[in-house]
């Protein structure tokens, strides 16, 4: 098997995912094309050598529809021989895209591929692609469908995470993210978004609230209590009859931010490294996706991490740094507890609670974040994982070379 | 033609007047065959300018013939029978000439399904003109196109709410939601119908008109999706995995409204074919037949049964607690069975002393728990403290310190196991009382009383019906096991076995 080498990681800043957000004026295909152009110029690529561009996107409809990966290839004016494919594994789509690109290289079917993702949540809102999972009565009944926020609160209830626990976690995420920006820790991967006249549109992650405190979070109403009363709490309890009542602890301040963004990871084999004189930064050690119980939905990261660790013949203690997507604070708390991992190793530069979670792109973004940090600390191994809708998890292990 | 249910004549304007005869108001095989014959006759008469559908006494109280529905046995015969009628009515609906319904009196669901085929619906301005809906949670879904036409006419959300209600709509209310087109004085009904036909020589339904667009008809439209998704959840929670008609109704509408009416009708028929063979549906239809007979049972018997039934249910819950089962699991098991509340909540509402009435010599631990609670004034709802905490009579949560009195076992049983024990205990309590109070004539009346008067879960069809449907031998075997583990209250009287085996 060939080694899948990581040459470069690139991402846009994350813009607030609403009409007033800075990236709202930028079409998602432009965000994706900017990432590709940047990968091309930073690595002096002749794009004819790129075999495939794999992009995650969770709502591939409207302006994100019709295979946005190939559309972005065309818009970036890459060579016409570069194919593009859009993938959807919900919140892990960006990491899944990296894993697919890596698999192409590992299997020898590609020499150079890009994995990444894009999501403009301000222009193509959450939930726009519908789906049988929640709307088809047969499927929704049989799978005990509840929206993800209810699952997060169910998880917190089942594993006894109090409002205080999840809020404390959120405060630390904000602190870490703000420290990271102060110390310019994202500079290796981040590319400013500029317009056609080279005028800057957004250069920093704008979702952050560095002044967040326990007091400020304490003032926020739980986001999913009302939704729970529509019947979703009762459906969750039908599935988890040992629970008396769902405790609603999550709110906008301890859940991932809705943002716009795009990211890409350039992956290739040794020949390509030699041809372009690229220094491999890391290799993909292993990756795995799993399915888990869909109503609680968000327990998959631990299972997928364990599966990936097993494939790499590693233990959790062999991992130097973790990036675990902060979909909801309780998900990270559960992940750390299940794998017995200390918070000092997890999301050291903050996470999606502070920085935002552009659904299809996040997996590729946080892979870049952990690799940059491994290099800075001169550490070796990183594990990236995300919880995934409908009860899944995806994990990837990288090792610096 | 020799029709029993329909009168057909042609007037001077070549308008076919199709009058349903109210003597036989049930939709069954005879009715279906009459209808098909009539429609074929009209269809082959090319000179007809229009059709007026009425009822001889201006009533559309056509209801479904429950005995006929139960007599339909295998999938093919059910599907064929209902699609035969549905196709025939579809033929009428697409004939091209106008079809007008004139409506007066009591309109039940079966009548409504027929009316929905007409292109124009005129109701009499008469306080007696009312549309009667009956919550189909306890029965079955429409099968002559009702699940496809009503949403297409008045909207997805609006039709779900009506189908799952016991609403009575006046003509004015029906007009407001677009269910009918016009209200006129009774004396003008025929004239108005004729006028409509003459003025609209070509007629088709909105759902057959390619130019007609309505976002209310798309389950995925932004105005429908959120409502639809939360409606599924609230119905799923409300039906606790029983009452299959509700899920089938939602599925028929969702799947059917994502396509055209022709495919929608097939979808509806396939779902109905499954539903009518479902064991719970059949049990509930059998109960409905008993309801129609309106059995009279003595009040004192009802209250004796009710008292014993509730006390036993509460006591079984406390016994489970003594066995180390978590209070939440016990309560949720009771709710999943569709008892009106969990057993501990019932104990609180009756005062926890009630549990003592049902104990035997093996229940010392149960008695001791009840006394400990009484000592600290946790007597139940009246004290705002019992197994639950209450705030001025409103339930808050299970008493958090209950686990200090009775620790929970590390390993908990499955919720299905807890449900089975509660159900078996309840059924055996009823069987015991049935032999004790000989005042009830037969097992069917007992089933009827339990559901109608005592709150036994409707989906079971009653304790006798349930045991017969799910297997007498299995019930005896399981009860025998329970009696060895948990006490003599699970021992089945031999007379009961005889009754169960006689049909």
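Quick notes on this structure:
- Residue identified as more than 14 Å from chain B (Cβ to nearest Cβ) and touching a residue at least 40 places away in the same chain (Cβ under 8 Å) among A:129, A:120: A:120
- Comparison of A:225, A:244, A:221 shows that the only residue that is free of Cβ contacts under 8 Å to residues at least 40 places away in the same chain, within 14 Å of chain B (Cβ to nearest Cβ) and within 30 Å of residue A:176 (Cβ to Cβ) is A:225.
- In region A:249-270, the residues that are in contact (Cβ under 8 Å) with a residue 40 or more places away in the chain and either surrounded by fewer than 24 Cβ atoms within 10 Å (Cβ to Cβ) or in a loop (DSSP other than H, G, I, E, B) (or both): A:249, A:250, A:253, A:254, A:256, A:257, A:258, A:269, A:270
- Checking B:483, B:438 one by one, the residue that is assigned by TED's automatic domain parsing to the domain that holds residue B:318, out of contact with any strand residue (DSSP E or B) (no Cβ under 7 Å at 6 or more places or on another chain) and not in a helix (DSSP H, G or I) is B:438 and no other.
- Residue B:268 being over 24 Å from residue A:150 (Cα atoms), within 8 Å of chain A (Cβ to nearest Cβ) and either in a helix (DSSP H, G or I) or touching a strand residue (DSSP E or B) at 6+ places or on another chain (Cβ under 7 Å) (or both): no
- Elements of type strands (runs of 3 or more DSSP E) in region B:119-220, at least 2 residues being closer than 14 Å to residue B:109 by Cα: B:130-132, B:168-170
- Elements of the type helices (runs of 4 or more DSSP H) sitting completely within region A:29-143 and holding at least 3 residues that are surrounded by 24 or more Cβ atoms within 10 Å (Cβ to Cβ): these cover A:68-75, A:93-106.
- Candidate set: region A:149-168, residues that are under 20 Å from residue A:207 (Cβ atoms) and buried (at least 23 other Cβ atoms within 10 Å of the Cβ); chosen: the one farthest from the other protein chains (Cβ to nearest Cβ): A:167
- In region B:394-415 there is no residue that is away from chain A (no Cβ under 12 Å), under 21 Å from residue B:339 (Cβ atoms) and touching a helix residue (DSSP H, G or I) at 6+ places or on another chain (Cβ under 7 Å).
- From A:299, A:295, residue being buried (at least 19 other Cβ atoms within 10 Å of the Cβ), within 14 Å of chain B (Cβ to nearest Cβ) and under 22 Å from the mean Cα position of the chain (by Cα): A:295
Conditions (1) in a helix (DSSP H, G or I); (2) more than 14 Å from chain A (Cβ to nearest Cβ); (3) crowded, with 23+ Cβ neighbours inside 10 Å, marked per residue:
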residue	(1), (2), (3)
B:281	yes, yes, yes
B:288	yes, yes, no
B:324	no, no, no
B:328	yes, no, no
B:334	yes, no, yes
B:347	yes, yes, yes
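A quick yes/no check of all residues on (1) buried (at least 20 other Cβ atoms within 10 Å of the Cβ); (2) in contact with a strand residue (DSSP E or B) (Cβ under 6 Å, 6 or more places away or on another chain); (3) in the same structural domain as residue B:178 (by TED's automatic domain parsing):
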position: B:85; (1), (2), (3): yes, no, yes
position: B:111; (1), (2), (3): yes, yes, yes
position: B:114; (1), (2), (3): yes, no, yes
position: B:128; (1), (2), (3): no, no, yes
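- Residues that are more than 8 Å from every other protein chain (Cβ to nearest Cβ), more than 12 Å from the chain's Cα centre (by Cα) and more than 19 Å from residue B:142 (Cβ to Cβ) within region B:224-259 comprise B:224, B:226, B:227, listed in sequence order.
- Among the candidates A:275, A:310, residue that is surrounded by fewer than 21 Cβ atoms within 10 Å (Cβ to Cβ), in contact with a helix residue (DSSP H, G or I) (Cβ under 9 Å, 6 or more places away or on another chain) and farther than 30 Å from residue A:224 by Cα: A:275
- Candidate set from region B:188-213 (those that are free of Cβ contacts under 8 Å to residues at least 24 places away in the same chain and exposed (fewer than 15 other Cβ atoms within 10 Å of the Cβ)); member that is farthest from the other protein chains (Cβ to nearest Cβ): B:191
- Residues that are buried (at least 18 other Cβ atoms within 10 Å of the Cβ) and touching a residue at least 24 places away in the same chain (Cβ under 8 Å), drawn from region B:217-233: B:217, B:219, B:224, B:228, B:231
- The one condition from (1) touching a residue at least 40 places away in the same chain (Cβ under 8 Å); (2) out of contact with any strand residue (DSSP E or B) (no Cβ under 7 Å at 6 or more places or on another chain); (3) closer than 30 Å to residue A:379 by Cα that residue A:286 does not meet is (2).
- Given (1) within 14 Å of another protein chain (Cβ to nearest Cβ); (2) in a helix (DSSP H, G or I); (3) within 25 Å of the chain's Cα centre (by Cα), index of the condition residue A:179 fails: (1)
The values are calculated or read from the model by the stated rules, or taken from the named source; none is laboratory data. Every value quoted in this text rests on a predicted model; they were computed, and no experiment measured them. Note that each Cβ is placed from the backbone with ideal geometry, even for glycine, and that neighbours are counted across all protein chains shown.
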